[in-house]
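Here's the structure, in structure tokens; my notes come after.
The values are calculated or read from the model by the stated rules, or taken from the named source; none is laboratory data. In this text, all values refer to a predicted model and were calculated from it rather than measured experimentally. As a convention, Cβ positions derive from the backbone with ideal geometry for all residues, glycine included, and neighbour counts pool all protein chains shown. Accessible surface areas use protein heavy atoms only, side chains included; no ligands, DNA or RNA. Shrake-Rupley method; radii C 1.70, N 1.55, O 1.52, S 1.80 Å.
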Amino acid sequence: MDETEPEVNTSIQMERTALDAKKFAPSTGAALDKPQPCPPAASESRWPLSPARPELARDEIHAWCAVLDELASDLPAFAETLSAGERQRAERFQFDRDRKRFIVRHGLLRMILGRYLNIEPARLSFTCESRGKPALAGVLDGRTLHFNLSHSDGLALFAVARRFALGVDVERIRPIPEIDQIAGKFFSARESAMLKALPAEQKLEAFFNCWTRKEAYLKATGQGIADALAQIEVSLVPGPTAQLLNIAGDAREASSWSLHPLAPAPGFTGAVAVKARDSKLACWRWPEKFPAAGTIR
């Protein structure tokens, strides 16, 4: 699921939300998602706890995961870091759980970026690049960061790099009615054929692998997705590797990008797309306990 940052990105957010509803809805019009169990506790994630001051090398990407509901007890501390605009957006949510999750994930984004830049989270401000992709406003003492944020069913993913344009996406793996028909509508012919050829026990994970890898690339470029999904071809077989195969039929352009598959917690799959052929990935888990005063930078 996508998460855009500044308010001016509302049109992209609405486009992705509408497409999510279409891609997972059965043709009968019945609601697909029924109430699901809470996502896994952060302690179930296989990612290590983050160091207090992570070092981000120029050729590295850092991915962070956090279970938002486990951090809601520290809501005031997260809310203090937000801008007035972010607080206004939080108040628009109809349901209390959604409002709290918004505050925690946006506060976490600020805290994570603040750690790398050694700046108070509340001092950060955001803008949009030419295609509407969120970015940090200004350069701080010659330092800047590329970043992206995604969330699904209470689990948030953040990705950060110094030199590389990147995008991140995560989805909870859940049953999809009419999976082949939906893939035929939103995937390329080759991807649909690959999906159909897989054993039944691998199809759901492969479906969400394909979706998150495509969207991670499209978020990295800042593109909308309504007309672009089938133009982006990716590998989808479950496993430790991922590949961007071609972009609108151009395999050479695709070769300038890298895909990193992510498994932040049981029952979730995700991906980071990076405009670099060689990049190193480190994955961290945000601690369940809010950091003590003086350690959030």
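Tabulated data
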| item | result |
| --- | --- |
| First in the range 232-259 and in contact (Cβ under 8 Å) with a residue 12 or more places away in the chain, second anywhere and of a type in the set (Lys, Arg) and assigned to a loop (DSSP other than H, G, I, E, B), Cβ under 9 Å, 6 or more apart | Ser255/Arg277; Ser256/Lys275; Ser256/Arg277; Trp257/Lys275; Trp257/Arg277; Ser258/Lys275; Ser258/Arg277 |
| Test: residue in the range 175-197 that is within 17 Å of Gly267 (Cα to Cα) and modelled with pLDDT under 95 | yes |
| Residues that are at pLDDT 95 or above and not in a strand (DSSP E or B), drawn from the range 148-157 | none |
| Considering residues of the range 59-105 that are at pLDDT 95 or above and of a type in the set (Ser, Thr, Tyr) only, the residue surrounded by the fewest Cβ atoms within 10 Å (Cβ to Cβ) | Ser83 |
| Candidates Ala200, Ala220, filtered to the one that is modelled with pLDDT of 90 or more, farther than 17 Å from Leu245 by Cβ and among the small types (Gly, Ala, Ser) | Ala200 |
| Complete set of residues in the range 118-147 that are open to solvent by 20 Å² or more (accessible area, probe 1.4 Å), out of contact with any strand residue (DSSP E or B) (no Cβ under 6 Å at 6 or more places or on another chain), of a type in the set (Gly, Ala, Ser) and not in a helix (DSSP H, G or I) | Ser125, Ser130, Gly138, Gly142 |
| Single unsatisfied condition, Arg115 versus (1) outside any strand (DSSP E or B); (2) surrounded by fewer than 20 Cβ atoms within 10 Å (Cβ to Cβ); (3) at pLDDT below 95 | (2) |
| Condition met for Ala271 (within 23 Å of Lys196 (Cβ to Cβ), touching a strand residue (DSSP E or B) at 6+ places or on another chain (Cβ under 7 Å) and either surrounded by fewer than 22 Cβ atoms within 10 Å (Cβ to Cβ) or of a type in the set (S, T, N, Q) (or both)) | no |
